[in-house]
Amino acid sequence: MSITAGSRPVSGTAPSAGPRFTKSGTQWRVVAPEAVLRNTVSDADGDKSTLTFEVWTVKADGTPDTKVKLTDDNPYGVKVSPYVASGSLASVKIDYGVLKPRTQYMFHTNAFDGSLYEPNWSPWTKFTIEPYATFPGGAVDVGDRPGGADNGGVHPHGSGRVRHRRPAVRDLGADPVGLCRG
């Protein structure tokens, strides 16, 4: 096999979605308010390349339904990754609010090396935005857990320290019954 100048870049065959980057059956589960889509990209010339990411909603029969506008940065509404080295993962972050929880989506990618486009799109991959919880920025008192359990200020899921101050009503920006007077 000989490599000649001007080889077209190629998308990988295993696109993925996250964070967490875990599957349930054949579908990726995104458990975060901002999805990250990724795939590998290769170029036989060794050129750096980008990937274009196109997302669609999914019909009941598993085929693409409606194209999702991911950005206003281009007339096609697609997200384009930064240039990455051949053989590397290219990824894009989809802004909060663009994709809806409990909705099934599918995406595919197309490579570009600065002069040549890939002639075909990558295989489709499906993903769902799982429901996720967001919490206000106020602190939590470890003594307020059910049963009064205290684990020394460590979050029960190991994700960091829990601050020992409970937000006052005035910290939340409201005083509905006048408790914060004086």
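The values are calculated or read from the model by the stated rules, or taken from the named source; none is laboratory data. In this text the structure is predicted, and so the values were computed from the model without any measurement. Glycine gets a Cβ as well: all are built from the backbone with ideal geometry, and neighbour counts include every protein chain shown.
Does segment 1-55 hold any residues that are farther than 17 Å from T103 by Cβ, within 17 Å of the chain's Cα centre (by Cα) and of a type in the set (S, T, N, Q), and which are they?
Within segment 1-55, S16, T22, N39, T40, T52 qualify.
Determine whether P64 is modelled with pLDDT of 95 or more and more than 26 Å from P131 (Cβ to Cβ).
No: the conditions fail for P64.
May I ask you to list the residues in segment 66-80 that are closer than 14 Å to F107 by Cα and free of Cβ contacts under 8 Å to residues at least 40 places away in the same chain?
The first filter runs over segment 66-80 and keeps only residues closer than 14 Å to F107 by Cα, leaving 66-70, 77-80.
Result: T66, K67, V68, K69, L70, G77, V78, V80.
Mind checking which pairs have a first residue in segment 49-65 that is free of Cβ contacts under 8 Å to residues at least 40 places away in the same chain and a second that is acidic (D, E) and part of a strand (DSSP E or B), Cβ under 9 Å, 6 or more apart or different chains?
K59/D65
Considering every residue within segment 7-17, establish whether at least one is of a type in the set (S, T, Y) and in a strand (DSSP E or B).
The answer is yes; a qualifying residue exists.
Looking at T109, T13, T50 in this structure, which one is in contact with a strand residue (DSSP E or B) (Cβ under 9 Å, 6 or more places away or on another chain) and under 29 Å from P131 (Cβ atoms)?
After ruling out the rest, the residue left standing is T109.
Do you know which residues across segment 89-104 are among the hydrophobic types (A, V, I, L, M, F, W, C) and closer than 14 Å to R38 by Cβ?
Listed by number, the residues that qualify are L89, A90, V92, I94.
When you scan segment 105-122, do you find a residue that is modelled with pLDDT of 95 or more, under 19 Å from V36 (Cβ atoms), part of a loop (DSSP other than H, G, I, E, B) and of a type outside the set (F, W, Y), even just one?
Checking segment 105-122: at least one residue is modelled with pLDDT of 95 or more, under 19 Å from V36 (Cβ atoms), part of a loop (DSSP other than H, G, I, E, B) and of a type outside the set (F, W, Y).
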